[in-house]
Structures are given as structure tokens and as C-alpha cells.
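> Dropping the structure in here first, questions after.
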Amino acid sequence: MKFANDFLFGAATASYQVEGAWDQDGKGPTNWDEFVKIPGKTFEGTNGDIAIDHYNRYKEDIKLMAEMGLESYRFSISWARILPTGTGEINQKGIDFYNNLIDECLKYGIVPFVTLYHWDLPLPLEKAGAWLNKETGDAYVEYAKICFNAFGDRVKHFITFNETVVFASLGYMSGAHPPGIQNDPKKYFDVTHNVFYAHARTIIEYKKLKQYGEIGLSHVFCPAYGVDDSEENIFAAMHANQYNMNWFYDPILKGEYPEYVVKQLEASGLLPNWTDAELKTIKQAAPLNDFMGLNYYQPMRVEKINGEVEKVEITRENSTGSPGNPSFDHVYKSVKMADKKYTKWDWEISPEGFVSGLVMLKEHYGQIKFYITENGLGDEDVIINGDILDTPRIDFINDHLCAVREAIKQGVHVKGYYAWSAIDLLSWLNGYKKQYGFIYVDHANDLARKKKASFHWFKEVIETRGESLKD
Ligand code: BG6
């Protein structure tokens, strides 16, 4: 089966992970510019000051993407380039940069798919309480409107937020991301609600402009499965999905929070500080979502916790997706299973879990339009005689694209696939060691770009609309 002609084959990046130029042309500092400088926070103290210098080399990068045959490029806008302090005066050079980037994509017929927030928050807003402060949401809506007015004539796909669960949980539960707070579920839930409220207001504003594009948001898609079919582990999976999926997807797609979680949060005093008016806006906005973006890397295998819980110390390594940690409410823990395959960073490789998860989503939410906005393999690529032989990445993407095809066959409405990532970039906590791209960046040689084996392979997949994939 070929993928339909209007299915977009793309690849993605995010501003902080590629742009560099952290203080160039009037950009203001962000939470990440500050956080990475705290000793021990990132692998070997790596930071995005220069990253892969996409800011200055975007023309070369887009040319390579075009050569690969990419139909769409998902990138994010750095808020602090547009509004250096988060609010107030616009930095025209920031607007110019993204106009140039968008125009460069369009020159090659590459569809720009723009994320408005991929975690880099202007520093003054971080200092004022970040997403715990409702004024950050007000500032975000204004920033989004500026972007719509500046770029919306050419950008027809906007993502409001990338992976709320990650910046909320790593920010306020594991402390691995800014602001580095640990074990504060009250703040975690407050942040999620403030973000969803900002999302709702933003899409309402977008629709008022009648730009006739699409708008949605991207969530982590990490379906939970019990480690076995016992009643208690089926329960554990249901509970995990309620908290990690329904809590995030329901307010966007149904306009209300899941009752199961709401009741428990109410009982434990963790309910967000929401108002009736905010809940009403979330309800009003739900039908205006045009799509949901899904970032799938792995499923979660869960086991019910009985009795004492072993304390797992949070480290940089286990804070971003590897199994082991108990849930905040000690109901279940995620488990590494002997019969599953894992990456070097202990992320499970499961195309099967992807298919069943997508089908589960369809059954739960109906015919929602989905884009796979991230999927890929973090690896240390093998280089032989200068050739980057990233065969494991080819296998990974092959199998996950086959999974998408299978889900489409089973009636799931998926309209595009964005590999993470278009080009090697800064992994937030793992430096440049963990690679994801089709294009290699040589940090020992003036950031020279080189095509990997996967570059040529993906080109063929796109050209054949998936017919070259191996089932
Ligand atoms: C996603 C993020 O969560 O995972 C990306 O949206 C990130 O920005 C990707 O790079 C991979 O994560 P990591 O930790 O392997 O770099």
C-alpha cells in the first residue's frame, strides 16, 4: 500500500536544539540558556549556545532537506527571538529570521509546520513563575498572535505546544528540566491546566483571523500496557493511561478533564487552580482543534505496586524516558521487560505498541486527524571510513512507518509522519552523543554536514510513497 499523495513525509527539529546564536540579533535569554549552565544538569555540560548553528546555516540545511525529498519541515520558533523579554517590543530581526526560514522552505516546496513553543521560555517569564503564573499564558497568546500575523500567510500548520507532559513533569516532578523542581505534583497539575487554557485561547484567536490553516498541539504518545494480563496490571495500565493520556488529550479533544483523575485529584488536594470561565473556554475551543500531533518513541510497560516501593533515585539518565520510576501516586511503576528490545538509552523499541496505541486512540476519541509529529531513534551512529552507517535508524523508521501504514489500514486517520530529527541536534540532557538525524553534523570539523545512510534510504521511501518499505 502506498501512502496517499496528501500524506506528508517530514522531519522535525526545535529551536533550542538546532539554532545556536543564543544572543545574536537581539534574541533575549531563555530558561534553557540559563539552566544548562548549572553544573551537572547536562551531559558534559553541553549547551545550545551554538548548537548546530542552524540560525546561520539554515539555507544549507534546507537545501539538504530538499535534496532528501522532504515534503515538510517541522521546526519551532524561539519566543525570545520575537519578543526578547517575552512581552513588549518585537525584535524585527527575529521576525526576519523566521520569514527567511519559511521562504527558504517554500522555495523548495517544503511545507513549514511550525511549533510555537518547544520549551524555550523567555527568561523574565521563567523568573516570574513560568507556567505556574497565569500571566505567562496571557503573554503566550499575544506572542502567538504576533506569529500568526507575521507568518500565517505562508504557514498553514501551527502547533501551539510541544509535549506539555514533558516540560511539566521534568520541570516539577523529576527536576531534570527548568525550573528543576522535584516532587511537586500540585505545581505539575497547575502547569498542565495553565498550558491547556493558553492553548484553548490561542486556537480561538487563530480561528478569528480566518487564515484557513490548521492548528493543533503535539502530545507525547506513550500508551501504557500491563506487563501481563493479570487484573491488577490491567488496572495499572488503565490508571497510567488516565493520568498520562486522558489528562492531556481529553481537555484538548473533548474540552473537559477525565472524571477518573479529577475525582482523585480533588480528594488529594491536587486539583489545579482553575476557574469556571477557564473550563468554559477549554470546552468552547475543543471543536476548533484541527488535528493532534503525536510524538511516539515508545510505549510504557506497567506493573501495579503492592506494598513498599523501592525508591529510585532520579538521575539525568533515567529522568527522560527509561523505565524504573514509580508513578507519583505510587500506584504503578514502569518496568523494563526481558522479552522486549531497547535502545542504548533503555527506550523500548515497539512498532507493535504503536499500532495498538493508535487503534486505542481511535476507539477512544473517534476520527481525529493525527500527524505523527515525532518518531525516531536516538543512537550513537557507526562511522566506517567516513560513512555514517545508521542502519538501526533505518530499521527503526522502516518498522514505525509500517506501523503507521497498518494503523491507517485499520481506520486511524493519520495524515503525516515527521521523523525526529531532520538533522543531528542537541539532545536536551544528552548532548550531541545521542543522535537522531538523517544528516550528520561533525562537531570536530566546523559543524560540517554529511548525509547518512538513512538520508538516501528516506529519500527513496518518500519517492516511492512507502512502497520501498520492508514489511
Ligand atoms: C521529545 C522532544 O520529547 O524527545 C525532543 O520533543 C527531544 O525535543 C526528543 O529531543 C528526544 O529526546 P532525547 O532526550 O532523547 O533528546
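> For the stretch 246-396, report the accessible area per residue in Å² (1.4 Å probe, heavy atoms, rounded to an integer).
Result: 47 Å² of accessible area for each residue.
> What list of ³J(HN,Hα) couplings, whole Hz, do you get for the stretch 17-28 from phi and the Karplus terms 6.51, -1.76, 1.60, once you set θ to phi - 60° and write x for glycine and proline?
Going residue by residue, I get 7, 10, 5, x, 6, 5, 10, 7, 6, x, 5, x Hz, with x marking Gly and Pro.
> How many percent of Cα pairs in the stretch 239-346 exceed 18 Å?
Tail of the P(r) past 18 Å holds 62 percent of the pairs.
> Moving on to the next point. So if I place +1 on the C-beta of Lys and Arg and -1 on the C-beta of Asp and Glu, and nothing else carries charge, what would the dipole magnitude of the stretch 342-471 be about its Cα centre? I want it in debye, nearest 20.
440
> Give me the net charge for the shell around Leu447: Cβ to Cβ below 12 angstrom, other residues only, Lys and Arg +1, Asp and Glu -1.
Its environment carries a net charge of -3.
> If you roll a 1.4 angstrom probe over the protein chains with everything in place, what fraction of the accessible area of the chain belongs to carbon and sulfur, to the nearest %?
Carbon plus sulfur share of accessible area: 51 percent.
> Under a cut-off of 18 Å between alpha-carbon atoms, report the lysines in cross-link reach of Lys362, not counting same-chain residues fewer than 8 places apart.
Result set, ordered by chain and number: Lys254, Lys409, Lys415.
> What residues have an amide H closer than 5 Å to that of Val111, excluding those fewer than 5 places away on the same chain, when H is modeled at 1.01 Å from N in the peptide plane?
Answer set, sorted by chain and number: Ser72, Tyr73.
> How large is the helix-only mean residue ellipticity at 222 nm for the chain, computed as the sum of -39500 (n - 2.57) over DSSP H runs with n ≥ 4, divided by its residue count, in deg cm²/dmol to the nearest 500?
After summing the helix terms and dividing by residue count, I get -12000 deg cm²/dmol.
> Here is the link list: Lys41/Lys207; Lys145/Lys263; Lys344/Lys451. Which ones come out longer than 30 Å on Cα distance?
Listed pairs above 30 Å: Lys41/Lys207; Lys145/Lys263.
> Restricting to the chain, what percent of DSSP beta bridges are antiparallel, rounded to 5?
The answer is about 30 percent antiparallel.
> Once phi is turned into θ = phi - 60°, what whole-Hz ³J(HN,Hα) does the Karplus curve with 6.51, -1.76 and 1.60 give for every residue of the stretch 431-444, x standing for Gly and Pro?
Couplings: x, 9, 6, 8, 9, 10, x, 8, 10, 8, 10, 8, 6, 8 Hz.
> Go through the stretch 32-47 residue by residue and turn each phi into a ³J(HN,Hα) via Karplus (6.51, -1.76, 1.60, θ = phi - 60°); whole Hz please, and just put x for glycine and proline.
Karplus-based 3J(HN,Hα) across the stretch 32-47 equals 6, 4, 7, 4, 5, 7, 6, x, x, 6, 10, 4, 6, x, 5, 8 Hz.
> Related question: Within the stretch 301-390, which trypsin sites (Lys or Arg not before Pro) sit in a loop by DSSP and count at most 13 neighbouring Cβ atoms inside 10 Å?
Lys311, Lys336, Lys341, Lys344
> What's the local net charge at Pro29, with K and R +1, D and E -1, over the other residues with C-beta under 13 Å away?
Summing Lys/Arg as +1 and Asp/Glu as -1 gives -2.
> In addition: I'd like to check one number: the per residue accessible area of the stretch 1-144, probe 1.4 Å, reported in Å² as a whole number.
Value for the stretch 1-144: 35 Å² per residue.
> What residues have an amide H closer than 5 Å to that of Ala419, excluding those fewer than 5 places away on the same chain, when H is modeled at 1.01 Å from N in the peptide plane?
Those qualifying (amide H under 5 Å, at least 5 residues apart or on another chain) are Gly10, Ala11, Ala12.
> Take the Cα gyration tensor of the stretch 121-182, multiply each eigenvalue by 5, square-root it, and list the three semi-axes largest first, rounded to whole angstrom.
They are 26, 14, 8 Å, listed largest first.
> In the chain, if every C-alpha pair distance is counted and binned at 10 Å from zero, what percent goes to each bin?
Reading upward from the zero bin: 4, 21, 33, 29, 12, 1, 0.
> Say the dipole of the chain comes from +1 at the beta carbon of Lys and Arg and -1 at that of Asp and Glu; which of Gly109, Gly353, Asn325 then lies farthest toward its positive end?
Gly109
> Just how large is the dipole of the chain about the Cα centre, in debye to the nearest 20, putting +1 at every Lys and Arg Cβ and -1 at every Asp and Glu Cβ?
Using only the charged Cβ atoms, the result is roughly 900 debye.
> Go through Gly226, Asn244, Gly255 and say which Cα lies farthest out towards the positive end of the charge dipole of the stretch 214-280; charges sit on Cβ, +1 for Lys and Arg, -1 for Asp and Glu.
Gly255
> Quick one: net charge of Val18's neighbours, Cβ under 11 Å, K/R +1, D/E -1?
-3
> Mind checking the dipole of the stretch 253-316: about its Cα centre, +1 per Lys or Arg Cβ, -1 per Asp or Glu Cβ, Debye to the nearest 20?
140
The values are calculated or read from the model by the stated rules, or taken from the named source; none is laboratory data. Everything numeric here is computed off the predicted structure, so don't read it as measured data. Note that we place each Cβ from the backbone using ideal geometry, even for glycine, and neighbour counts take in every protein chain shown. Note: areas computed on protein heavy atoms with side chains; ligands, DNA, RNA excluded. Shrake-Rupley method; radii C 1.70, N 1.55, O 1.52, S 1.80 Å.
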